[in-house]
Structures are given as structure tokens and as C-alpha cells.
1. What percent antiparallel are the DSSP beta bridges of the chain, to the nearest 5?
2. Once Rh is set to the Kirkwood radius over Cα pairs, what Stokes-Einstein translational diffusion coefficient, in µm²/s, holds for region 137-211 at a temperature of 25 °C and a viscosity of 0.890 mPa s?
3. Measuring from a point 7 Å past the Cα of E126 along Cα-to-C-beta, which residues in region 145-161 have an amide N at less than 18 Å?
4. Fewest first, what order do R15, R36, R96, R203 take by the number of other Cβ atoms within 10 Å?
5. Work out the P(r) tail for region 37-107: percent of alpha carbon pairs separated by more than 21 Å, whole number.
6. Given a cut-off of 27 Å, name the pairs among K17/K136; K16/K228; K47/K255; K165/K255; K16/K229; K136/K289 whose C-alpha atoms lie farther apart than that in the structure shown.
7. Which Rg and Dmax, in Å, describe the Cα atoms of region 12-299?
8. Given the convex hull of the Cα atoms of region 135-275, what is a quarter of its surface area in nm²?
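What follows draws every value from the coordinates through simple rules; no lab data is involved. It should be emphasised that the depicted structure is a prediction, and the values quoted were computed from it without experimental measurement. Glycine gets a Cβ as well: all are built from the backbone with ideal geometry, and neighbour counts include every protein chain shown.
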Amino acid sequence: MDKIVNALEYDYFGRKKLMDSLCDEYYFLKRKVIGRSCAGRDITSLKIGSAEEYSLITAAFHGSESITAVVLLMFVEKLCEAIKTDGYIGGISVRRAMNGRGIIFVPCVNPDGCEISLRGEIACGELAPQIKKLCKGDFTHWNANLRGVDINHNFGAGWDELHEKEIKAGIYCPGPTRFGGYRPESEPETLALTELCRKTKIRHAVALHSQGEVIYWCYGDSTPPRSKKMAEIMATASGYALDTPVGIAVGGGFKDWFITEFNRPGFTVELGLGENPLPAYLADDIYKKVEKMLMLSAIM
């Protein structure tokens with residue numbers, strides 16, 4: 001059978017068609033709209049299995065990182081195929097490993113930002129003049145949502161301290177990147193994830209970003225002891241390095257909030273190497289390198 005997900009550039013409707021095709025092909029893959037973006041675009045989750053606790057893997061928090069959604073959907077397809085055919089991923093019997101387990105995927109947390117980065121002015125609607133001014137015509141590197149808020153600076157963990165760092169860095173208002181909003185959880189994209197995690201018991205959470213080939217695993221005193229061991233397993237499986245964020249990259253992120261809120265393991269994984277946005281053709285090579293890591297992330 002031909003692959004459904006390929007190393008191509010998919011816009012919002014392209015991703016919707018991919019998820020339609022995956023759900024049509026695999027009856028056990030369940031789709032749900034968990035929220036809507038500032039522009040009303042669906043923020044969709046995909047679920048496999050049923051359990052008291054779920055592992056959660058998310059992607060595309062930043063507009064210029066839409067390749068992470070493609071890599072995650074590649075894994076969803078491979079996982080579903082292995083369940084259907086009693087196959088293996090990274091030497092792991094998937095059907096056996098998934099027995100009694102459940103996984104939730106959110107392939108694109110920030111659909112507006114991805115659409116702006118991919119399609120430019122046409123994706124901005126009536127806000128096109130303002131966004132064009134904010135990014136000085138460089139839509140490609142847009143990371144924020146439609147309102148100019150960086151979703152991964154908008155979560156309520158160390159937000160006040162991060163906001164002060166933003167101001168010291170000259171970031172006072174909406175823009176292409178790093179503005180965390182005027183209060184935590186102000187954005188519908190942020191709320192879609194926080195409400196999902198509050199309503200569903202999540203065992204651990206992974207956020208896929210690009211680029212750097214590193215894994216961030218700790219945040220403050222709430223980091224569980226098992227987090228480092230899990231991160232080491234992920235690093236061994238992928239060849240990625242463990243790292244610790246510094247400066248304006250500390251606080252406000254989904255990983256930081258998840259660890260703080262639930263005292264459970266949370267990870268940020270920076271996929272690939274290069275300059276964002278990474279070209280779509282790299283998705284195949286990135287996926288091959290992290291396939292086993294994603295499998296282990298799903299079942300640990």
C-alpha cells in the first residue's frame with residue numbers, strides 16, 4: 001500500500017485530508033476537535049487505544065515548524081499500520097506493546113501560525129496588513145499565532161519571570177515570535193492543550209519542535225526523578241543530546257507547564273538540524289532517526 005503521509009509541505013487543508021485518510025484506513029484511530037484557533041481553524045487530536053492514563057505527543061507549536069506535524073503524522077501512520085499487521089517498530093512488537101495503553105496525538109497545536117508561515121498574506125484574513133507590518137513582509141519565519149502570541153511562551157509556568165525577560169529583550173507586544181501574551185493561557189491554542197490535560201489523565205507529554213537534535217526534560221523542583229532516565233532512553237534511541245534551555249527559552253512552555261501542573265514527566269524534542277523552516281523533504285530523514293524514540297515515548 002502506498003504511504004498516506006509523505007515528505008511534503010502540507011497546509012491546513014492538506015493536513016485535514018491526511019487525518020481523514022488515516023481515520024478512513026484505520027478504524028481504531030479516533031479523531032476529535034479539542035479546540036479552535038484564533039481564526040477558527042480546528043485543533044485536532046488523534047487517539048489510539050483506551051486506558052486510564054494516556055501518553056501525549058504534540059507538534060507544531062510554532063508556525064515555521066510545520067515539518068514537526070508531518071513527522072508526527074508519519075509516526076501515526078506507521079503505528080497504525082503496525083497495529084493492523086501485527087508489525088514491529090524499532091524491534092518492538094507494537095500490538096503487544098500497545099495492549100492496555102493509550103496514546104493521544106495533537107499534530108498541529110498552532111494551525112494559524114503554520115498557515116501564515118506556509119501561505120503568507122492570504123492566510124491572515126483581515127489582519128493581513130497588521131501581520132505584514134509586524135513581520136516586515138517575512139511571513140516564512142512567523143512563529144506566533146494569528147494574534148502575534150508565541151504559544152510556547154503562553155503557558156502558566158514561570159510566565160511572570162519570562163515576561164520580564166521578554167521586556168528586557170525589547171519584546172513588549174505582539175510579533176512574529178517570543179511574545180508570551182498579556183497573561184498566561186490567554187490564547188485558544190494554549191487552552192486547547194491545558195484543557196485536554198486537565199480533563200484526561202496524561203502519563204507524560206512530549207512536545208515536538210525544530211531544530212537542534214536535542215531533548216529538554218527538566219523544569220524546576222517539580223521534575224519527577226524518572227524524567228532523566230526516560231530522557232536518556234529517548235536520547236539513546238535517537239542519537240539526540242540531552243540539554244537544558246537558558247535565558248528567554250526558560251518558562252512559559254508546554255513542557256514547563258505540564259511538569260509544574262502535574263508533577264509528571266514532560267519533554268521538548270527539537271527535531272532535525274538547520275534553519276527553520278526546515279525544507280519538507282527532510283521529513284523522511286528526520287523521521288527515520290526518531291522513529292524508535294517516538295515509539296518508546298508512546299509506551300514508556
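1. Values: 15 of 35 bridges.
Just about 45 percent of them are antiparallel.
2. Working: Rh = 13.3 Å.
It comes out at roughly 184 µm²/s.
3. 146-148
4. Details: R15 24, R36 15, R96 10, R203 18.
Fewest to most other Cβ atoms nearby, the residues stand as R96, R36, R203, R15.
5. Details: 789 of 2485 pairs.
When every Cα pair of region 37-107 is considered, 32 percent fall beyond 21 Å.
6. Working: K17/K136 32 Å; K16/K228 35 Å; K47/K255 20 Å; K165/K255 19 Å; K16/K229 36 Å; K136/K289 36 Å.
Too far apart for the 27 Å limit: K17/K136; K16/K228; K16/K229; K136/K289.
7. When restricted to the Cα atoms of region 12-299, Rg and Dmax are 17.8, 55 Å.
8. On the way: hull surface 34.7 nm².
Computed as one quarter of the Cα hull surface, the answer is 8.7 nm².
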